[in-house]
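Before any comments, here is the structure.
The values are calculated or read from the model by the stated rules, or taken from the named source; none is laboratory data. The model shown is predicted, which means the values in this text are computed figures rather than measured ones. Neighbour counts are summed over all protein chains in view; Cβ atoms, including those assigned to glycine, are modelled from backbone coordinates with ideal geometry. Heads up: the accessible areas ignore ligands, DNA and RNA and are worked out on the full protein's heavy atoms, side chains in. Shrake-Rupley method; radii C 1.70, N 1.55, O 1.52, S 1.80 Å.
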Amino acid sequence: MDTLVIVIENFLITQTSLSILMSSHFSLESISRDNAVLWMFFLDILFFVVWYVVSRLSLTVRAHERHLLDAYKQINQAQVEKDQYAVLMTHQLKSPLDAIRSKINLIKGGYCGEASAGVNEALDKIDNRAQSMSSLILDLLRLERLKDTCLNTAVFKSVDIQTILQKCIDKLTPVANSKHVVLNVSIDNFVCKVIPDQLEILLENIITNAIIYSHDNASIEITSEVNQLNRSASIIITDHGIGIENKDLPNIFNEYFYSPRAAMHNKASSGIGLSIVRIAAENNKLKIKVTSEPGAGTSFTIIFNQIEFSLEKKETQLVSLAKFNLS
């Protein structure tokens, strides 16, 4: 384009009359045209240099993109194979553990002869460790199942938050009663569109952690906040237990992470529970906020966007050694 403009301005439009061909001014015009030709040549060279450099860079970037895409596919394939191997190994580990626990129950039940008090005590310790390992295996299987959901289209359904919370509390009542922990529940019921079983897993894991890391005879508050203007809601689960250090808060959702404080309080911790919570929240398009103070307790806030409607407020309380009922 620059070349075309220079040619038109200097060679096509301007016409020199014969009367001035012999004048000194013509030499200046000739020099001007020579300069224009030089500029035209320089700009053409510059254009081709820039074009060559840009084209080479474009080819290099495309080659790197192809390499990155191939590497990404290989990483994904390796991750899938690793996950499949992990699932296979956990299945293979679960079978002998179930057999061990079955034999222990037979011995403790007197079906293999009378056992001394020392043997029964040892069997109880073995059974507890086997139960912890079995729980770890179930968490691993659950984690892999949730990861697989990320790759597939899950079925979202409209569910009543009270119904989901009822199931979780019914399941966790024995755990709360064993530590004499009181669950104080005060919620504004609402309906949200989620993957029902995964929301149940999410709430169950957070409430379980709240119970485990609470002190005996403590209380846990489960409340809700509903904003009808922007059709959003949140469930807040607050305990008054050991709390989490500020330096550990960014890592609590990482797989197999548990702080020294948590390990001292719960030696059976696998470090997977909150990883399951994170993936379930991502699958359900939920947000989770955590605040904590060491020695004072922890608060988990699950944020729901685009709830369908809200219902009347329900207030109940789970007392120690008593059955929980939301209705």
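Accessible-area rank, largest first, for 231, 142, 66: 66, 231, 142, with all protein chains present and a 1.4 angstrom probe.
The H on the amide N of residue 190, modeled in the peptide plane, is under 5 Å from the matching H of 161, 162, 311, each at least 5 residues off or on a different chain. Close amide H contacts of residue 181 (hydrogens built in the peptide plane, cut-off under 5 Å, sequence separation of 5 or more or a different chain): 217. The solvent-accessible area of residue 48, taken with every protein chain present and a 1.4 Å probe, is close to 120 Å². With K and R counted +1 and D and E -1, the other residues having a Cβ less than 14 Å from that of residue 236 yield a net charge of -2.
You can think of it this way: the chain between residue 73 and residue 293 has 75.0 nm of extra reach, that is 0.36 nm per residue less the Cα-Cα gap.
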